[in-house]
Amino acid sequence: LQVRENLDLFMNSLYEAIILVVIVSLIGVWKFREVSEEETAVPLQLLETRDERERLKAEFSVAQRAQQQMLPDAPPQIPGLEIAAICLPSKEVGGDLYDFLPLPDGKLGIVVADVSGKGVPASLYMTLTKGLLESVSETTSDPGEILREVNRHLYEVCRRKMFVTLFLGVIDPVTKRLIYARAGHNPTVFRRPFGETKLLSAGGIGLGLNRGKIFDQSLKVETVQLAANDKLFFYSDGITEAMNLKNEEYGEERLMSLAEHLDSVGASAARDSVLSDVKEFLGSNQPQDDQTLVVVKVA
């Protein structure tokens with residue numbers, strides 16, 4: 001009942017936010033459509049093309065601001081954990097998000113997600129996803145239960161052409177245990193110094209694609225016992241699908257290989273090293289998608 005009340009309050013706030021975003025978008029478009037007398041001499045077809053570009057520019061500007069405002073100001077300070085995070089939006093704003101959820105019993109939820117599509121619609125769906133996660137996680141720290149509940153509500157409001165991929169890892173700072181679930185998102189890279197490097201790839205499909213039965217059956221929850229100096233690399237496909245001039249993707253294997261060379265550095269240095277390596281790999285190519293990365297090092 002409490003979760004339902006929280007969700008109702010959130011939905012009311014969401015509707016207000018949507019209205020605000022639409023108003024801001026329309027104001028931006030109206031300003032861009034003001035033309036001078038000289039501009040009216042331009043052929044109508046060219047003027048419409050230019051106005052369409054400016055309209056899209058205004059929309060992406062609004063979406064980019066909304067996306068940045070949803071991101072945490074800074075990673076949480078948790079004894080026993082070192083955390084560094086970043087989200088670099090591309091020119092065509094997508095729906096990447098990372099977040100940190102304070103969970104019952106002192107546990108921490110780490111979220112990396114990506115909405116299909118771009119622009120204002122993607123930003124609105126990500127705002128909804130963020131609010132649902134915060135509401136549902138007030139009463140449970142079970143990643144499977146959280147994602148199943150969020151999926152039910154997303155399915156009710158999502159257009160079927162849009163969906164959300166998401167990785168949710170729940171860390172207990174006391175027991176150093178990670179419990180995670182993956183809703184169709186990129187698998188997190190787990191690195192144990194002088195030991196193993198593997199992908200945390202529990203099964204699951206994207207949020208908002210199915211009302212419940214198929215989603216619930218596909219979603220798997222798995223556990224990893226962490227140890228001192230272990231690292232976790234949560235990321236979006238803007239990292240592994242970054243493409244260079246040869247049409248080659250950066251890929252998971254390159255990310256895993258790099259992780260093996262970062263055993264001696266902290267979370268912030270590891271984050272910066274990954275971003276630098278992706279940038280070097282791209283060369284003169286510009287990123288075609290948002291690049292989101294969260295690195296966690298166990299103390």
Name every residue in the stretch 190-221 that is part of a strand (DSSP E or B) and either loosely packed, with under 13 Cβ neighbours inside 10 Å or under 19 Å from the mean Cα position of the chain (by Cα) (or both), in order of residue number.
F190, L199, L200, L207
For the stretch 270-290, name all the residues that are modelled with pLDDT of 95 or more and surrounded by 14 or more Cβ atoms within 10 Å (Cβ to Cβ).
A270, R271, D272, S273, V274, L275, D277, V278, K279, F281, L282
Answer yes or no as to whether S61 is modelled with pLDDT under 95, more than 19 Å from L168 (Cα to Cα) and surrounded by fewer than 17 Cβ atoms within 10 Å (Cβ to Cβ).
yes
Pairs, please: C-beta under 6 Å, at least 6 apart or cross-chain, first residue in contact (Cβ under 8 Å) with a residue 60 or more places away in the chain and under 22 Å from S264 (Cβ atoms) and in the stretch 187-214, second of a type in the set (D, E) and surrounded by fewer than 20 Cβ atoms within 10 Å (Cβ to Cβ)?
P193/D263; T197/E260
Please go through the stretch 145-170 and pick out each residue that is among the hydrophobic types (A, V, I, L, M, F, W, C), open to solvent by 30 Å² or more (accessible area, probe 1.4 Å) and not in a loop (DSSP other than H, G, I, E, B).
V157
If you check every pair at least six apart or on different chains, which have Cβ atoms under 6 Å apart with a residue in the stretch 218-241 that is touching a residue at least 40 places away in the same chain (Cβ under 8 Å) and under 16 Å from V294 (Cβ atoms) first and a residue that is among the β-branched types (V, I, T) and open to solvent by 10 Å² or more (accessible area, probe 1.4 Å) second?
none
Is the stretch 71-92 home to any residue that is touching a Lys or Arg at 6+ places or on another chain (Cβ under 6 Å), closer than 24 Å to L209 by Cβ and at pLDDT below 90?
yes
Under the condition of being open to solvent by less than 30 Å² (accessible area, probe 1.4 Å) and of a type outside the set (F, W, Y), which residue from the stretch 173-185 is farthest from the chain's Cα centre (by Cα)?
P173
Return yes or no: is V274 β-branched (V, I, T) and over 21 Å from A181 (Cα atoms)?
yes
If a residue has to be part of a loop (DSSP other than H, G, I, E, B) and either open to solvent by less than 10 Å² (accessible area, probe 1.4 Å) or among the aliphatic types (A, V, I, L, M) (or both) to count, how many in the stretch 222-237 make the cut?
5
Output yes when any residue across the stretch 278-289 is touching a residue at least 24 places away in the same chain (Cβ under 8 Å), within 27 Å of L147 (Cβ to Cβ) and in contact with a Gly (Cβ under 8 Å, 6 or more places away or on another chain), and no when none is.
yes
The stretch 135-144 - residue that is in contact with a strand residue (DSSP E or B) (Cβ under 6 Å, 6 or more places away or on another chain) and of a type in the set (S, T, N, Q) and, of those, least open to solvent (accessible area, probe 1.4 Å)
S137
Selection status of E249, touching a strand residue (DSSP E or B) at 6+ places or on another chain (Cβ under 9 Å) and either open to solvent by less than 70 Å² (accessible area, probe 1.4 Å) or at pLDDT 95 or above (or both)
yes
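Output the residue which, of all residues in the stretch 91-134 that are assigned to a loop (DSSP other than H, G, I, E, B) and open to solvent by less than 10 Å² (accessible area, probe 1.4 Å), is farthest from C158 (Cα to Cα).
Here the residue is V93.
The values are calculated or read from the model by the stated rules, or taken from the named source; none is laboratory data. Source: prediction; values computed, not measured. Ideal geometry is used to build each Cβ from the backbone, glycine not excepted, and the neighbour counts take in all protein chains shown. These accessible areas exclude ligands, DNA and RNA; they are computed on the full protein's heavy atoms, side chains included. Shrake-Rupley method; radii C 1.70, N 1.55, O 1.52, S 1.80 Å.
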